[in-house]
Amino acid sequence: MRLTPRLLQERLRAITDEIEDSHALHALAPLAVRFLPWTGFSMRPMAILAIINDIILLGRETIVECGSGNSSVFAARALAHYGSPGRIHSIDHDPRWANQTCDAIAAEHLQPWANVICAPLVDNWYDRTLLPRVRDIDLLIVDGPPAHERGTETARQAALDEFSMYIQPGATVLLDDTRRRGERIVPAAWEDRYNVKFHPHPGGCAMASWPRGNP
């Protein structure tokens, strides 16, 4: 097979990702209490490290996460480890995956710092009647709902419409999977509507600080 410039670029990026994720796992090791399964849909370790840094360095206490999994558990571990009164509220549409995350949280007695809400999808977004209504969100993580199939590419755009009124100034908004077409469209739409500026992160995500004066 001929190594075209595009293929070479993809391979180099894959190697870079592996190196970055290896470093991230090393940094996360003190919080790795027990094994967690990683799948092709799991958030990259580098992105999880960005979340943990944000929680610890900026003292985040009210965290909402669209999509549950390893990131939920690591966030709860960080909150518990540093004695934070904070809590992560993770939303998942898949009952089996939500239960698996709940089991992982319960196995480490992390319930005071995390809860998982199972909210089935309605028109590519979570059932709004089941979503957490917490105020003063200082970290919003958008890694769901699924947006990898045709017709769902911009499903995650609803996240800010849903939670913008509860986000406090200076909060961090993180959108995962920004190498995909849909997740490149979504932050551009958010920037136009909410006067935020997203910056790419090596973990395959983008992050923004919520400005004062947004609705």
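Table for the structure above
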{"item": "Unmet requirement for VAL73, which otherwise passes all of (1) outside any helix (DSSP H, G or I); (2) more than 10 Å from the chain's Cα centre (by Cα)", "result": "(1)"}
{"item": "Filter result for THR172 (of a type in the set (Val, Ile, Thr) and in contact with a helix residue (DSSP H, G or I) (Cβ under 8 Å, 6 or more places away or on another chain))", "result": "yes"}
{"item": "Pick from the range 154-194, criterion within 21 Å of ASP54 (Cα to Cα) and among the β-branched types (Val, Ile, Thr), ranking: farthest from the chain's Cα centre (by Cα)", "result": "ILE167"}
{"item": "Which numbered condition GLY67 misses (of (1) open to solvent by 90 Å² or more (accessible area, probe 1.4 Å); (2) on the phi > 0 side of the Ramachandran plot)", "result": "(1)"}
{"item": "Qualifying positions in the range 172-213 - buried (at least 16 other Cβ atoms within 10 Å of the Cβ), outside any strand (DSSP E or B) and among the polar types (S, T, N, Q)", "result": "THR178"}
{"item": "Residue match in the range 122-135 (condition: buried (at least 18 other Cβ atoms within 10 Å of the Cβ), in contact (Cβ under 8 Å) with a residue 12 or more places away in the chain, among the charged types (D, E, K, R) and in contact with a strand residue (DSSP E or B) (Cβ under 9 Å, 6 or more places away or on another chain))", "result": "no"}
{"item": "Those residues of the range 8-22 which are within 19 Å of the chain's Cα centre (by Cα) and open to solvent by 80 Å² or more (accessible area, probe 1.4 Å), in sequence order", "result": "none"}
{"item": "Filtered residues of the range 77-98 (kept if more than 18 Å from the chain's Cα centre (by Cα) and either within 19 Å of LEU140 (Cβ to Cβ) or surrounded by fewer than 18 Cβ atoms within 10 Å (Cβ to Cβ) (or both))", "result": "HIS81, TYR82, GLY83, SER84, PRO85, PRO95, ARG96"}
{"item": "The listed residue being free of Cβ contacts under 8 Å to residues at least 40 places away in the same chain and either in a loop (DSSP other than H, G, I, E, B) or in contact with a helix residue (DSSP H, G or I) (Cβ under 9 Å, 6 or more places away or on another chain) (or both), out of ALA106, ALA159, ALA147, ALA78", "result": "ALA147"}
{"item": "Candidate set: the range 36-48, residues that are assigned to a loop (DSSP other than H, G, I, E, B) and not hydrophobic (A, V, I, L, M, F, W, C); chosen: the one least open to solvent (accessible area, probe 1.4 Å)", "result": "SER42"}
{"item": "VAL33, sole failed condition from (1) open to solvent by 40 Å² or more (accessible area, probe 1.4 Å); (2) at pLDDT 90 or above; (3) hydrophobic (A, V, I, L, M, F, W, C); (4) touching a Lys or Arg at 6+ places or on another chain (Cβ under 9 Å)", "result": "(2)"}
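The values are calculated or read from the model by the stated rules, or taken from the named source; none is laboratory data. Since we're looking at a predicted model, the values are computed, not measured. Positions of Cβ are backbone-derived with ideal geometry, glycine not excepted, and every protein chain shown enters the neighbour counts. When the accessible area is computed, the model is the full protein with side chains, heavy atoms only, and any ligands, DNA or RNA have been set aside. Shrake-Rupley method; radii C 1.70, N 1.55, O 1.52, S 1.80 Å.
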